[in-house]
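The values are calculated or read from the model by the stated rules, or taken from the named source; none is laboratory data. These figures come from a predicted structure and were not determined experimentally. Every residue, glycine among them, receives a Cβ derived from its backbone with ideal geometry; neighbour counts consider all protein chains shown.
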Amino acid sequence: MSLFVIILLILCSTILLILELLIIPGGIVGITAFILMVFCVFRAYYDLGNEAGTYVLIGTILLNIIVIKIAFSSNAWKRIAHKGTINSKASDTNSTHIQIGNTGKTLSELRPMGNALIDNNIIEVTTTGFIIKANEKIIVSDIKDHKIYVEKISIV
């Protein structure tokens, strides 16, 4: 493998590293970049000798340090960062005045958690047993640790 091909592959692996850092997080692209870099350094030692292999190794390390430093210090993060704010809050069982025995209906399927309409409040609730389908009548059976537990009202 020629020096030109090795340098080209190292540049490709550096592009993969940039993609991993800025666009496609998750590890697969970064692992591929690392394996490609190690392969290129190995081939440089094997094909070009110790001196050229050492130069390729040092160049690869310096290139990666520079790329990572630029990626973390540039405004790239500001351009891709979410700038929105969260204006909602978690439902508080004390503020909704939900009590044991209140009835309502499910808005979504409860498996075991979902949304229900109880006393004209949309609340996140948890079942005490089996899955409850949407639009079923429910009753509040317990309130523990800011969780509202419900059961399906059985029609007899």
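Can you tell me which residue in the range 138-152 is farthest from LYS105 (Cα to Cα), limited to those that are touching a residue at least 12 places away in the same chain (Cβ under 8 Å) and surrounded by fewer than 14 Cβ atoms within 10 Å (Cβ to Cβ)?
Step one: list which residues in the range 138-152 are touching a residue at least 12 places away in the same chain (Cβ under 8 Å), which gives 138-143, 146-152.
Applying the additional criterion that residues be surrounded by fewer than 14 Cβ atoms within 10 Å (Cβ to Cβ) yields 142, 146-147.
Working: ASP142: 16, HIS146: 19, LYS147: 17 Å.
Result: HIS146.
Checked against the criteria, ASN121 does not count as modelled with pLDDT under 80 and farther than 20 Å from LEU3 by Cβ.
Take ILE68 and decide whether it is surrounded by 13 or more Cβ atoms within 10 Å (Cβ to Cβ) and modelled with pLDDT under 90. Considered against the rule, which asks whether it is surrounded by 13 or more Cβ atoms within 10 Å (Cβ to Cβ) and modelled with pLDDT under 90, ILE68 comes out as yes. Just one of (1) modelled with pLDDT under 90; (2) touching a strand residue (DSSP E or B) at 6+ places or on another chain (Cβ under 9 Å); (3) of a type outside the set (Ser, Thr, Tyr) fails for ASP92. It is (2).
Where helices (runs of 4 or more DSSP H) fall wholly inside the range 1-88, the ranges with 1 or more residues that are in contact (Cβ under 8 Å) with a residue 40 or more places away in the chain and polar (S, T, N, Q) are 3-22, 50-73.
Take the range 71-85 and flag every residue that is of a type in the set (Val, Ile, Thr) and at pLDDT below 75.
Just the residues of the range 71-85 that are of a type in the set (Val, Ile, Thr), to begin with: 80, 85.
Residue satisfying the conditions is ILE80 alone.
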